[in-house]
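The values are calculated or read from the model by the stated rules, or taken from the named source; none is laboratory data. If you're wondering where the values come from, they're calculated on a predicted model, not measured in any experiment. Don't worry about glycine lacking a Cβ; one is built from the backbone with ideal geometry, like all the others, and counts go over all protein chains shown.
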Amino acid sequence: MEELIQDLKGKIIEVLNLEDVTPEDIENDAPLFGEGLGLDSIDALELIVMMEKEYGIKLKNPAEGKEIFKSVSVMAQFISENRTK
Amino acid sequence: MNEPILITGMGIVSAIGLDCSETLASLRAGKTGIGALRFLKTDHCEFPVAEVQISTDEMAARLGIPEGQPRTRTQLMGIMALGQALEQAQLTDEDRAQAAFVFATTVGGMDMSEQYYLDFLHNDLHNDYISQHDCGASTEGTADYYGPFASVSTLSTACSSAANAIINGANVLRSGLHEIAVVGGSECLTKFHLNGFNSLMILDEEQCRPFDETRAGLNLGEGAAFLVIETAASAQRRGVKPIAVLEGYGNACDAYHQTASSPDGEGAFLAMKEALTDAGLQPSDINYINAHGTGTPNNDSSESQAMMRLFGDALPPVSSTKSFTGHTTSVSGSIETVICLLALQEQFLPVNLGWKHQMPDGITPVMDPTPQRPLRHVLCNSFGFGGNDSSLVLGHPHNADARLTHSAPSLAGRVGVEAPIFITAATQVSIQEGLSEAWMESPILYEEPYVRSLDVDFKQWLSPGESRRMGKLLKRALATSLTAMKVSGVEHPDAIITGTGLGCIENTEILLMHLCTEGEENCKPTPFMQSTHNTISSLVSIHTHSHGYNATYAHKEASFDCALEDAWMQLQLGRIRTALVGGHDEMTPQYFGLLRKAGYLGQPGQVAGETAVSLMLDAQPSVDALCRLSLVRRCYRPSGETIERIANEIGDVDAIVTPFISKETSPVVDILSRSGRPTLLQYKNIFGESYSAYGLGVYAAAHLLHRQMVPETMLVPGFRCPDQLERLLVMNLSGDKDYTFTLLEKA
C-alpha cells in the first residue's frame, strides 16, 4: 500500500502539473480538495482520467470522486480494491 | 425607450426539421430529434445525439456545391438556414450588400480538421482544409455563397455565441452603422467536442431531462439558425412586415468558473435583468422563458436559482427545448430564438420533454402547450463556458406598433457624430520586450520566419496553484490585461472583449493529436476547456471578478478588429463606459507549419510572431490618456464607393499604419492618401504576423501619438517622419477582402 501511495503522489503532481509541490508535501490523510492541496472540480476530472488510464477504473458519475479523493490514503485504498490493471 | 429592432426573416436547420414549418410541426407534436448516432464517426455510440438528418454530401448536393470544393458541415448547414432567412425577409442583393453579417460558431471546420489532421501534418492530400479550420472561414464560406455583405464578424463565446451574435447585430443597428443585420450561427457535431464534453462528464447516456431531479447531463445536437433584423425605417422602406420584435438584450459574466455555473446563478440573473431593463419591461410582463436548461445537474440548478430570484412569484411558464434539439452548443441561441418566434407566432408553449420528477431546489417546467395568457413577450436564455450569459427579450409584432409611437427619433444619421473615446492604457507581450515600449527606441529585428513571444515573469500575477493548468497564451493575456487595468485605474471594466483567431491552439492540438493517435479514450478535460476561444476573456473576468459584458471574436486576421468595433459601438451607445479590449494569439511550431502550407505564414520577408495586447477604452476624458479613439469602420469586399465614403469620413491624416511589410501597398491606401499625402508606417516588421497582430498596430499607434515620435523602423522606405502627429489611421486588411480602419487622434 505504501508503494501505491508514493506512486499516486507522483502521478497527482504530474497529472495536475503541481509545479511547486513535492511528494513529501502531500500528507497521506490530508484533504486533496478545498483546503490541503486546494484542488478543484477540473482536477477531480483529471484524476478520474488518470485512474482509468493507469489503473483501469472507470467512474460513471463525477460525484463518486468526492468520497474517493478525500485523501491520498482513501484514494489508494479505493484503487487497490478496484484496479483492473 | 430604445428604437424597436424588427425581425423580418428567420431560418432554421436542426434535428427537428430542415426549415421553420418542419420545426413547428415537431414542436407541436412533441417529437424529439434526439436519437442514436447516424452520421458522426465516433466510438462513443453510447451517447444519444440530435443530428440534422441529412448527410454532409447530401447537403452539398442540395446546395449545388461541386464535389472537390472544400466544404464543412458547419458551413453547409449555415448556408441552408441563412437562405431561408434571406428569402423570408425578401432581401435583394443590394439590401444584403448593405447588411452586416454576424455569425457564431465555436467548432468552425473542426469536423474536417479532426479527420485530416495527420494528413495536414504529414502530407499534402488535404491542404485545402487547413484554411477551413478556423471559425472565420466558416463565416466567410457561409456568407460568400450568397454574395457580399457590408461587413462580416464571427462571435465565439461557446454555448452563448449565437445569442451574442444577435446582440452584436442589434448594437450595429442601434449605433446606426447599418440598417440591416443578418445574425445567427451554425455548429456541427464533432468528435472533438463530443469527447471534450465527455471528459467533463456532463453527457447523459439517456435522453436528456432538463430540470428533472434525475437529470444526468446533456445530449449534444447540431444545427444552424439565422434572423434578419432591421430598423423600422428600413422595414418600412422595403415594404416588409416584422415577424417579431427584438425588444431587449443583456449579457453578463458569471465570473465564477471556466466550465461550471455559480450556485446562485449570478451571471444568469444579471443577464436576464439587463435584458428586461433594456426592453423597458417588468418580470411580470414575460409570458414564457426558453431556458438554457442543458440537463446537467449544475446548469439547471443554477439557472433555476437565477430565475426564481428575478421572477419571484411571477415566474412565467419555463421550458428547455434542448429536450427536442439537443444542446446545439454555440448555435443554441439562434435556434432557440427561432423556436421562441414560432411560439409567439402560433401562440403555443414549447413543452419540456422528458420531465417527471420535481427538483427540490428548482423550477417546474411547462408540460401543457396551451398558454394561460397570450404570449406577448418571451425571454430566451443562452449560457456559455466561462459564465458567458446572455438573455434576449422577443416580442409579438403587434408590440412594434406601440413601441414605434413611443420611440426616440430614428438612429439613422447618428454615424458621423461619434462621442470621443479615450485609450487610457495599451500593453503588450509579443516578440518585442513585454510590458514595455522599449521597441520604440531599440526594436529587436528578426530574420527568422517564425519567432515565439518573449515571455515575462508571470509569477507576480499568478500563484503556482492558479497557473497549473494555464497555457502560455492565457498567462500572457492575463499579464497584459491586468497591467492595462492597473495603468488605467479601472478595476472592473464594464466590458471585456477579446479577439483571437485560433484561441489556445496549443491545447486544441493536444486534444486533436490525442484523438488521432490514441483514440477516444482517456481524453483530458483541461485541453478541451482551454481550446474554447472564450477561455481567455473568461479568465480575465474570473480573475478580476468582473461581471460586465463579455465577448470573444474569432475572425481570422480581423479578430481584434471585431472586438474593437464592438467596444466602440457600445461606448457610443452609452451601454458601457469602460472596455478592456484584447487581441491574443499564440503560434506553435506545428501550426506554423500548417499555416505556411496554407500560404498564410512563412511568406518572403514575413516574420510569424505571437500576440498578446490589451487596450483600455474609456468614455471619460483623462489627462493621462494615450490618445483618442475617434472612429472604427469595418467593411467586407467593399466597392470603390464604400472606400471613398469611409475615406471622406476619416478626412486627412498625418500617417497611415498599414498591415503591409515594406513597399507592398494596396489601391485602398492610394485612395486614403490622395489628398494629404500621409506618411506610411509599418509595424509587422517589428511585431510580426499573427491573427491578432492588428491589435499591436493600434497599440503602437496609440503610443506614437502619446510620445509624439515615430521610430525609424516604422517608416516605410521612401517616407519621412511626419511634421506633426495629430491624426493617425490604422488600417487592416484580412484575406484581401476584410478591411478595418481605426482613426486615432492626439488626446
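Brief remarks on what is shown
- Scope region B:25-57; condition small (Gly, Ala, Ser) and in a helix (DSSP H, G or I); matching residues: B:25, B:26, B:29
- Out of B:671, B:656, sole residue that is assigned to a strand (DSSP E or B) and either farther than 30 Å from residue B:588 by Cβ or at pLDDT 95 or above (or both): B:656
- One residue alone among B:390, B:436, B:410 is over 30 Å from residue B:460 (Cα atoms), modelled with pLDDT of 95 or more and not acidic (Asp, Glu), and that residue is B:390.
- Options B:248, B:184, B:223, B:239; residue that is modelled with pLDDT of 95 or more, touching a Phe, Trp or Tyr at 6+ places or on another chain (Cβ under 7 Å) and more than 14 Å from chain A (Cβ to nearest Cβ): B:184
- One residue from B:691, B:739 being buried (at least 21 other Cβ atoms within 10 Å of the Cβ), assigned to a loop (DSSP other than H, G, I, E, B), assigned by TED's automatic domain parsing to the domain that holds residue B:646 and of a type outside the set (Asp, Glu): B:691
- Region B:336-358 residues that are buried (at least 18 other Cβ atoms within 10 Å of the Cβ), paired with ones that are among the acidic types (Asp, Glu) (beta carbon under 8 Å, 6 or more apart): B:349/B:368; B:351/B:368; B:354/B:212; B:355/B:212
- Of the helices (runs of 4 or more DSSP H) lying entirely inside region A:2-85, the ones with 1 or more residues being more than 13 Å from chain B (Cβ to nearest Cβ), within 30 Å of residue B:459 (Cα to Cα) and over 9 Å from the mean Cα position of the chain (by Cα) are found at A:2-15.
- None of B:597, B:524 is over 21 Å from residue B:274 (Cα atoms) and within 14 Å of another protein chain (Cβ to nearest Cβ) except B:524.
- Taking the criterion of being in contact with a strand residue (DSSP E or B) (Cβ under 9 Å, 6 or more places away or on another chain) and part of a loop (DSSP other than H, G, I, E, B), the residues of region B:236-248 that qualify are B:240, B:241, B:242, B:243.
- The residues on offer are B:192, B:211, and the sole one that is of a type in the set (A, V, I, L, M, F, W, C) and crowded, with 24+ Cβ neighbours inside 10 Å is B:211.
- Checking B:145, B:117, B:129 one by one, the residue that is surrounded by fewer than 22 Cβ atoms within 10 Å (Cβ to Cβ) and not assigned by TED's automatic domain parsing to the domain that holds residue B:529 is B:145 and no other.
- Residue match in region B:706-726 (condition: in contact with an Asp or Glu (Cβ under 7 Å, 6 or more places away or on another chain) and under 30 Å from residue B:136 (Cα atoms)): no
- Pick from region B:58-96, criterion outside any helix (DSSP H, G or I) and at pLDDT 95 or above, ranking: surrounded by the most Cβ atoms within 10 Å (Cβ to Cβ): B:89
- You will find that of B:224, B:271, B:252, B:233, the residue that is buried (at least 24 other Cβ atoms within 10 Å of the Cβ), of a type in the set (A, V, I, L, M, F, W, C) and assigned to a helix (DSSP H, G or I) is B:271 and no other.
- Residues in region B:142-160 include none that are assigned to a helix (DSSP H, G or I), in contact (Cβ under 8 Å) with a residue 60 or more places away in the chain and more than 21 Å from residue B:12 (Cβ to Cβ).
Rundown of residues vs (1) surrounded by 21 or more Cβ atoms within 10 Å (Cβ to Cβ); (2) within 12 Å of another protein chain (Cβ to nearest Cβ); (3) outside any loop (DSSP other than H, G, I, E, B); (4) of a type outside the set (Val, Ile, Thr), yes/no style:
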| site | (1), (2), (3), (4) |
| --- | --- |
| B:456 | no, no, no, no |
| B:459 | no, yes, yes, yes |
| B:462 | no, yes, no, yes |
| B:474 | yes, no, yes, yes |
| B:478 | yes, no, yes, yes |
| B:482 | no, no, yes, yes |
| B:485 | yes, no, yes, yes |
| B:491 | no, no, no, yes |
| B:496 | yes, no, yes, no |
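- The set of residues in region B:586-606 being assigned to a loop (DSSP other than H, G, I, E, B) and of a type in the set (A, V, I, L, M, F, W, C) consists of B:587, B:598, B:601.
- Qualifying residues in region B:187-217 (those that are part of a strand (DSSP E or B) and away from chain A (no Cβ under 14 Å)) - the one farthest from residue B:526 (Cα to Cα): B:212
- Residue match in region A:41-55 (condition: surrounded by 13 or more Cβ atoms within 10 Å (Cβ to Cβ) and farther than 29 Å from residue B:261 by Cα): yes
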